[in-house]
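Worksheet: one structure, shown below.
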């Protein structure tokens, strides 16, 4: 049976928790609990706390020790995981469909009943400090966060999700309880599901395990970033390669031009081997092993960036070629055949991503945090098909404006 991406079902419970579900007759089902809280919601003395809590919810509840939390789903072959972003904390699981209720009950327990045992807390501090060091050993990851910090200088969106070794060391158990009390409100939670359960049965199970948690007036108060100053920075690093980011601010998650920018980014430096950056810099000149572009959208702002890693001797040549590609997109309309092929490529990439089930579950969960209704795949395809060359040219002139581009370079040691 061919799955239908139009049949999303919605329900809001009396305490504010929202549910979105698509029935899929596959034996494998997917569930996510998405909390509208991330690192941008931390105070200046809390940097890294949202991520720390994402680790600590697996360390024990009022009725389970850490071993029992992990074993509850792993013992039935489930893939259990979690992540933290600038704006969300997410728990997710993939399992055989008879285990829906098992997953829902566990997520409720660790979200609302975690006790953050002191001995586990002190151990996990060391784990996260190792994670911070590991991240610093990987300049291709570090430069992304440092570039965001440069773009959003002085704002909550800038600081690293992991925090610093200093901030992690000073956390207390009271810090964790205070943050969850202030941010883990039912009204800020979406449960998303793609799997083999009737919607009626899913509503019943969620009501059973989440309905007793009281509603709260807790809301997320976020200040929009509004003081962007383009700048170019270079840092000397003990790396062989030189790593570079070039970028600008971009559209927020619900901006009417978001889909068009997704398409433009895909043309420039998306995952396809035929992206302009890959074809005209890596394939043509061999200057870089890794080069791509990305567009990240947040609830009230976004950013765009081009990454490249190359030998120090060729970094300026590679950067000039990037600027050349950006200029082409600002000045030359795509022809009809080029645009048609680009649309088809993006549509297929998105369809393949949704085939995983998990990616769809995470996508609709994040979307439902800020939207009453979630676009179905046919609606997304229709949006992509409606984009024209003039629209892409207009966006390119706004986002790729050379006077608004910032750069960050990690200069390699062979320089």
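The values are calculated or read from the model by the stated rules, or taken from the named source; none is laboratory data. Nothing here was measured: the structure is a model prediction, and the numbers come from that model. Here Cβ is always computed from backbone atoms with ideal geometry, including for glycine, and neighbour counts include all displayed protein chains.
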Legend entry - Unique match (being crowded, with 20+ Cβ neighbours inside 10 Å and more than 20 Å from residue 142 (Cβ to Cβ)) among 268, 249, 241, 273: 268
Legend entry - Among the residues listed as 126, 141, the single one being part of a helix (DSSP H, G or I), at pLDDT below 95 and surrounded by fewer than 21 Cβ atoms within 10 Å (Cβ to Cβ): 141
Inset, instruction - Kindly indicate whether any position in region 60-81 is exposed (fewer than 15 other Cβ atoms within 10 Å of the Cβ), farther than 30 Å from residue 163 by Cα and touching a strand residue (DSSP E or B) at 6+ places or on another chain (Cβ under 9 Å). - result: yes
Inset, instruction - Considering (1) modelled with pLDDT of 95 or more; (2) surrounded by 15 or more Cβ atoms within 10 Å (Cβ to Cβ), say which one residue 204 fails and leave the rest. - result: (2)
Legend entry - Residue ID - surrounded by the most Cβ atoms within 10 Å (Cβ to Cβ), chosen from residues in region 354-372 that are farther than 19 Å from residue 296 by Cα and modelled with pLDDT under 90: 356
Inset, instruction - Of all residues in region 321-353, count the ones that are touching a helix residue (DSSP H, G or I) at 6+ places or on another chain (Cβ under 6 Å), farther than 18 Å from residue 386 by Cβ and surrounded by 14 or more Cβ atoms within 10 Å (Cβ to Cβ). - result: 4
Inset, instruction - Tell me, yes or no, whether region 358-369 has at least one residue that is part of a loop (DSSP other than H, G, I, E, B) and farther than 30 Å from residue 231 by Cβ. - result: no
